[in-house]
Amino acid sequence: MAPVQAPPSQQLPAVQKLRIRFAKRGRLRFTSHRDFQRAFERAVRRAELPVAFSHGFSPHPKISYAGAAPTGAASEAEYLEISLTHERDAEQVRAALDEALPPGLDVLEVVVAGPGALAERLEVSEWRIALPGVDPEPAAAAVEAFLARTEITVERMTKRGLRSFDCRDAVLRLTVGDEPGSVETCAILQVVLRHGTPAVRPDDVLAGLLDVATLAVTGPALLTRLAQGPLIAATGTVDDPLARDRDATQATATGQADPHQTHTAEGDAAAPSVP
């Protein structure tokens with residue numbers, strides 16, 4: 001497939017890096033990571049952004065993706081970085097990219113990248129798991145049984161074949177509630193997962209729940225990532241990974257000391273499991 005645009009004969013250096021938060025909604029949750037890459041590169045071309053290219057025999061646009069959600073999962077918190085050869089206004093870039101992408105792939109925010117690596121801030125994710133046909137009471141009992149275990153082994157097919165791993169250790173928080181105003185019975189699980197190797201996904205947690213308890217799930221579970229970012233250890237919740245970038249931009253604009261020094265990620269400390 002042709003690249004997003006032909007690299008310039010004399011490649012210009014990158015002078016600006018932007019960090020982008022986008023969502024995968026509705027039917028577009030079935031878009032694979034590779035499909036999204038192609039769609040985003042076409043959107044960059046339609047938006048006429050001066051994207052920087054790598055050097056070498058086969059130059060490619062400098063776009064990096066971090067912590068992509070699995071195919072079939074919706075998300076409100078996907079992130080990527082793009083390098084430009086000319087500075088652009090972040091909000092204008094957001095609007096142009098959002099217009100160029102199909103509905104369901106929605107660009108929510110664009111900020112100028114500050115110091116530090118974005119990937120290192122994506123320590124944990126918060127997920128919503130909707131279980132159609134499941135009453136909250138048996139779901140709560142299953143959650144209690146899950147949290148009482150110190151290890152739960154599940155299996156998943158990977159590129160290297162069938163792999164067994166512990167899904168319990170990555171779960172920092174797991175709660176259950178019901179869907180407000182829902183006509184059909186549907187239990188809602190809220191889970192905070194620590195990122196690691198191997199990566200534990202929300203469907204792995206669901207497999208672990210079904211291993212320790214019987215739940216009458218009548219349809220496919222709907223998985224939605226609500227947030228990902230630094231871990232707030234005291235509460236077991238997720239912080240905003242772009243807060244430091246906004247602080248750095250504000251500090252540069254006002255000429256003050258960088259306020260992101262006071263917005264430190266609390267995930268540097270080890271966090272115990274929070275039921």
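The values are calculated or read from the model by the stated rules, or taken from the named source; none is laboratory data. Source: prediction; values computed, not measured. As a convention, Cβ positions derive from the backbone with ideal geometry for all residues, glycine included, and neighbour counts pool all protein chains shown. The area values use the complete protein model at the heavy-atom level, side chains included, leaving out ligands, DNA and RNA. Shrake-Rupley method; radii C 1.70, N 1.55, O 1.52, S 1.80 Å.
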**OP:** Kindly list, by first and then second residue, each pair from a residue in region 194-223 that is without any contact (Cβ under 8 Å) to a residue 40 or more places away in the chain to a residue that is part of a helix (DSSP H, G or I) and of a type outside the set (Phe, Trp, Tyr), limited to pairs with Cβ atoms under 6 Å and residues at least 6 apart or on different chains.
**Re:** none
**OP:** Could you please let me know if ASP135 is surrounded by 12 or more Cβ atoms within 10 Å (Cβ to Cβ) and closer than 18 Å to ALA221 by Cβ?
**Re:** yes
**OP:** Please go through region 46-61 and pick out each residue that is surrounded by fewer than 17 Cβ atoms within 10 Å (Cβ to Cβ) and over 24 Å from the mean Cα position of the chain (by Cα).
**Re:** ARG46, GLU48, SER54, HIS55, GLY56, PHE57, SER58, PRO59
Subject >> Only one of PRO220, PRO241 that is in a loop (DSSP other than H, G, I, E, B), at pLDDT 80 or above and crowded, with 17+ Cβ neighbours inside 10 Å >> reply: PRO241
Original post:
Based on what the data block shows, is THR214 among the polar types (S, T, N, Q), open to solvent by 50 Å² or more (accessible area, probe 1.4 Å), in contact with an Asp or Glu (Cβ under 8 Å, 6 or more places away or on another chain) and over 22 Å from GLY72 (Cα atoms)?
Top reply: no
Original post:
Mind checking which residues of region 155-182 are surrounded by 10 or more Cβ atoms within 10 Å (Cβ to Cβ), among the aliphatic types (A, V, I, L, M) and modelled with pLDDT under 95?
Top reply: VAL176
**OP:** Kindly indicate whether any position in region 112-131 is open to solvent by less than 50 Å² (accessible area, probe 1.4 Å), without any contact (Cβ under 8 Å) to a residue 40 or more places away in the chain and hydrophobic (A, V, I, L, M, F, W, C).
**Re:** yes
Original post:
For region 225-238, how many residues are open to solvent by 20 Å² or more (accessible area, probe 1.4 Å) and within 17 Å of the chain's Cα centre (by Cα)?
Top reply: 5
